[in-house]
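**Student:** Quick one: the structure is below, and I'll ask about it shortly.
The values are calculated or read from the model by the stated rules, or taken from the named source; none is laboratory data. Here the structure is a predicted model, which is why all the values come from computation and not from measurement. Glycine gets a Cβ as well: all are built from the backbone with ideal geometry, and neighbour counts include every protein chain shown. These area figures cover heavy atoms from the full protein model, side chains too; ligands, DNA and RNA do not enter into them. Shrake-Rupley method; radii C 1.70, N 1.55, O 1.52, S 1.80 Å.
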Amino acid sequence: MTFAQLIGYGVLTIAVWKLAQRRAYRKANALDVAGPEKEHWWKGNVESMFVDGFQRCLDIAAEYGGAVKVHALFGDKWLYVSDPRALHHILVKEQHIFEENDSFLECNKLIFGDGLISTLGEQHRKQRKMLNPVFSTSNMRELLPIIQTISHQLKSILVSNLSAGNEHDHASCRESVELDLLPWLSRSSLDCICEGVLGYHSAALDTRKEDEYTDALRMLSSSITKSLIFRPFVPMVVRKFSLYWRKKIADWLTMSWWPTENMRNLRELRHIVEIMDSASRAIFQEKKAALQPQLPSPLQQAHDTSGGTRGKDMMSIMLRANTSSSEADRLSDTELLGQMNVMIFAGLETTTVAVARALYMLAKHPDIQEQLRTEICGAMAAHDVDRSHTKDENGYARLSYDVLMNLPFLNAVVRETLRVYPSLPILTRRTTESASVPLQFPVRSASGKEIDTIHLAKDQRIIISIIAANHNQAVWGEDASEWKPDRWLKSPQGVTPGNKDAVKYPGIYSSMMTFLAGNRSCIGLKFAEMEIKDVLATLLPVIHFALPSEPDDNGNVKEIHWKMSGFHTPVIKAPAGDGETPLLPLSMRLVRD
């Protein structure tokens with residue numbers, strides 16, 4: 001028997017044994033909640049929710065309520081939750097009982113190291129205690145000029161594309177040009193994270209420069225998504241095999257002679273992780289060296305990758321805070337290194353998608369786009385009087401942090417976009433012990449009886465539906481699924497959204513669940529919100545966005561569809577597109593005076 005066969009039979013035997021154990025345990029601890037029938041004998045019906053299932057997620061919650069039983073792989077039963085009280089119980093009150101799944105944690109540890117999304121318990125609490133002050137408002141004020149510089153670079157690139165598309169009128173460029181915005185928004189977001197978080201001058205917006213590290217970062221999210229098929233097996237391999245044998249298995253699985261697409265995806269992910277690890281270690285060592293009291297040597301200056309932002313980035317702030325902390329609170333170098341990789345992954349795709357969706361919705365609603373443009377230009381004109389020195393190359397004022405973050409309609413547009421279309425629609429948890437979950441709104445049991453408490457066995461899988469929570473009509477009103485920024489401007493009665501009849505969600509961001517709640521909520525909320533608002537405030541005074549209207553060579557007009565597969569991704573529906581390739585073609589022109 002060959003080594004490959006031995007490994008294969010061993011893994012298969014352990015997998016079958018584990019499945020048999022879980023099946024016996026499930027029968028003894030049945031989940032007593034109503035839900036839709038399974039759609040496939042072994043796939044169940046959860047696939048229709050995870051794969052392009054935006055409407056499916058809403059329909060199930062609307063039909064069965066805030067707690068639903070869904071069928072997962074191999075007959076497993078998962079609890080699909082969107083009830084306000086249940087989410088408060090899961091994410092805040094009893095969060096230590098409802099932890100991340102083993103596969104999620106172990107995969108994150110292999111890819112990112114010991115960062116926030118890879119740790120539990122006291123280690124996670126200690127890391128978060130260190131990181132919370134790093135994302136303070138005062139630090140965001142210091143970072144805004146860095147973000148503004150990148151946003152203005154993005155604007156210049158888009159305007160130059162308008163000039164290239166209007167060869168007969170370079171001066172005015174008033175005719176519309178269609179451009180795929182997604183790669184440019186992704187590059188801009190990557191620059192913001194690299195410079196603002198890491199202090200690394202990535203220059204991702206400059207396509208003439210090749211950077212292996214930033215290229216790997218841009219490919220990371222899609223590579224992880226393609227390799228999800230291996231995730232369920234990672235905890236088992238980590239627990240059952242030593243480090244030596246884990247490396248052997250990884251070497252074997254990523255050999256170049258494997259012909260299957262899944263193996264090629266795994267090989268690509270491993271290559272990306274190796275590049276990330278090498279580059280992040282180099283950046284980390286540079287940051288540590290910069291903290292030394294002596295002035296940097298000429299050699300250090302020659303290799304400075306900060307692009308003039310040395311010391312202002314979050315990594316430098318975190319290292320300084322860690323150095324001055326007590327021995328008990330101090331994080332190890334391994335943990336600090338893990339935070340670098342986590343912050344990149346957590347902020348890149350989510351922020352890119354949020355900005356893309358906001359521009360798409362503004363293109364779809366030109367009246368709202370014009371209203372927002374008027375507010376931004378008015379704020380710039382007022383700000384220009386007070387601070388005439390803060391201007392870009394085109395004479396537009398750069399708004400201060402406090403002005404930018406407190407524009408009422410800009411705030412309304414960003415909040416409504418993040419509410420209706422959260423970048424990360426669903427998350428998972430598991431119970432570490434048996435528990436009971438109370439409900440705000442009663443649901444039906446499997447027998448049809450009305451219940452207001454659900455009893456869960458140990459190791460029960462749970463799906464937290466951010467989508468269904470943000471679209472809950474009992475909390476947000478009958479028009480909950482409509483994109484209406486005006487709802488965030490206080491009504492005459494003074495009633496704000498997300499707090500209807502004294503019922504509200506525990507989310508840290510305006511009562512919505514987009515950034516979660518409790519000690520695993522999004523720690524980079526302020527940075528993400530600042531970046532999204534600054535990009536919109538920079539682009540809208542100069543560029544008008546519209547949906548594509550010109551037919552292609554075959555007479556087909558491009559229809560944009562937001563496909564849900566982990567994140568929301570814009571694609572072009574057939575026949576104009578393939579429905580798979582991420583694209584966001586929008587029509588652009590310069591704003592007419």
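**Student:** Give, in nm to one decimal, the length gained when the segment between residue 233 and residue 41 is fully stretched (0.36 nm per residue of separation minus the Cα-Cα distance).
**Tutor:** Details: separation 192, 0.36 × 192 = 69.12 nm, distance 2.13 nm.
Once the chain is fully extended between residue 233 and residue 41, it gains 67.0 nm.
**Student:** Next question, about the same structure. Over segment 178-296, what relative contact order in percent results from Cα pairs under 8 Å that are six or more residues apart? Numbers along the way, then the final one.
**Tutor:** Numbers: 69 pairs, mean separation 28.6, N = 119.
In percent, rounded to a whole number, it is 24.
**Student:** With every protein chain kept in place and ligands, DNA and RNA left out, what is the accessible area per residue of the chain? Probe 1.4 Å, answer in Å².
**Tutor:** Numbers: 27330 Å² over 593 residues.
Per-residue value: 46 Å².
**Student:** At a 1.4 Å probe radius, carbon and sulfur cover how many percent of the accessible area of the chain? Please report the intermediate quantities before stating the final value.
**Tutor:** Values: 14710 of 27330 Å².
Carbon and sulfur together cover 54 percent of it.
**Student:** Order the following by accessible area, largest value first: 80, 64. Probe radius 1.4 Å; ligands, DNA and RNA are ignored.
**Tutor:** Working: 80 0, 64 65 Å².
Result of the area sort, largest leading: 64, 80.
**Student:** Can I ask one more? Contour minus end-to-end for residue 557 and residue 501, with contour as 0.36 nm per residue of separation and end-to-end as the Cα-Cα distance?
**Tutor:** Working: separation 56, 0.36 × 56 = 20.16 nm, distance 4.47 nm.
Between residue 557 and residue 501, full extension yields 15.7 nm more.
**Student:** Label-point separation (nm) for residue 62 and residue 278, each offset 7 Å from Cα along Cα-to-Cβ?
**Tutor:** 5.2 nm
**Student:** Each residue of segment 53-60 in order: what ³J(HN,Hα) in whole Hz does its phi give by Karplus 6.51 cos²θ - 1.76 cosθ + 1.60, θ = phi - 60°, with x for Gly and Pro?
**Tutor:** Running phi through 6.51 cos²θ - 1.76 cosθ + 1.60 with θ = phi - 60° gives x, 3, 5, 4, 4, 6, 5, 5 Hz.
**Student:** Using the structure shown, select from 93/126; 109/563; 109/226 the pairs with a Cα to Cα distance greater than 21 angstrom. Don't skip to the answer; put the middle values down first.
**Tutor:** Numbers: 93/126 19 Å; 109/563 28 Å; 109/226 18 Å.
With Cα atoms farther than 21 Å apart: 109/563.
**Student:** Also, quick follow-up: Just reorder 180, 76 by solvent-accessible area, largest first, 1.4 Å probe, all chains present. List each step's numbers first, then the result.
**Tutor:** Values: 180 40, 76 15 Å².
Largest accessible area first, the residues go 180, 76.
**Student:** In addition: Taking 26 Å as the cut-off for C-alpha to C-alpha distance, list the pairs among 490/533; 129/287; 533/573; 43/248; 155/526 that go past it. Spell out each step's value before the answer.
**Tutor:** Details: 490/533 20 Å; 129/287 21 Å; 533/573 29 Å; 43/248 31 Å; 155/526 22 Å.
Where the Cα-Cα span goes over 26 Å, the pairs concerned are 533/573; 43/248.
**Student:** Per-residue accessible area for residue 375 at 1.4 Å probe radius, Å² rounded to 10?
**Tutor:** Ignoring ligands and nucleic acids, residue 375 comes out at about 40 Å².
**Student:** Right, next: How much accessible surface does residue 212 have with a 1.4 Å probe, in Å² rounded to 10?
**Tutor:** 120 Å²
**Student:** Report the accessible area of residue 43, computed with a 1.4 Å probe over the heavy atoms of all protein chains in place, in Å² rounded to the nearest 10.
**Tutor:** So the heavy atoms of residue 43 present about 70 Å² to solvent.
**Student:** Next question. Pick the calculated percent of Cα pairs over 35 Å apart for this structure from (1) 51; (2) 37; (3) 43?
**Tutor:** After the calculation, the listed value that fits is (3).
**Student:** On to the next question. Counting each DSSP H run of 4 or more residues in the chain as -39500 (n - 2.57), what helix-only mean residue ellipticity at 222 nm follows after dividing by all residues, to the nearest 500 deg cm²/dmol?
**Tutor:** That comes out to -15500 deg cm²/dmol.
**Student:** Follow-up question, since we're still on this one. Please list, in order along segment 320-335, the HN-Hα scalar couplings obtained from phi with the Karplus expression 6.51 cos²θ - 1.76 cosθ + 1.60 (θ = phi - 60°), rounded to whole Hz, x for Gly and Pro.
**Tutor:** Rounded to whole hertz, the list is 5, 5, 5, 5, 8, 7, 5, 4, 5, 8, 6, 8, 6, 4, 4, 5.
**Student:** Near residue 288, which lysines are there with a Cα under 19 Å away, not counting those fewer than 8 places off in the same chain?
**Tutor:** Within the straight-line limit of under 19 Å, residue 288 reaches these lysines: 312.
**Student:** Tally Lys and Arg at +1 and Asp and Glu at -1 over the other residues with C-beta under 15 Å from the C-beta of residue 490: what net charge comes out? List each step's numbers first, then the result.
**Tutor:** Details: positive: 415, 484, 487, 500; negative: 416, 486.
Its environment carries a net charge of +2.
**Student:** Contour minus end-to-end for residue 473 and residue 428, with contour as 0.36 nm per residue of separation and end-to-end as the Cα-Cα distance? Numbers along the way, then the final one.
**Tutor:** Details: separation 45, 0.36 × 45 = 16.20 nm, distance 2.29 nm.
Extra length available between residue 473 and residue 428 comes to 13.9 nm.
**Student:** Also, I was wondering about something else. Collect residues whose amide H, placed 1.01 Å from N in the peptide plane, falls under 5 Å from the amide H of residue 565; neighbours closer than 5 in sequence don't count.
**Tutor:** Residues meeting the amide H criterion: 52.
**Student:** Which sequence of 74, 104, 135 reflects their accessible areas, 1.4 Å probe, from the largest down? Present the calculation step by step, with values, prior to reporting the outcome.
**Tutor:** Details: 74 100, 104 50, 135 15 Å².
Final ranking, largest accessible area leading: 74, 104, 135.
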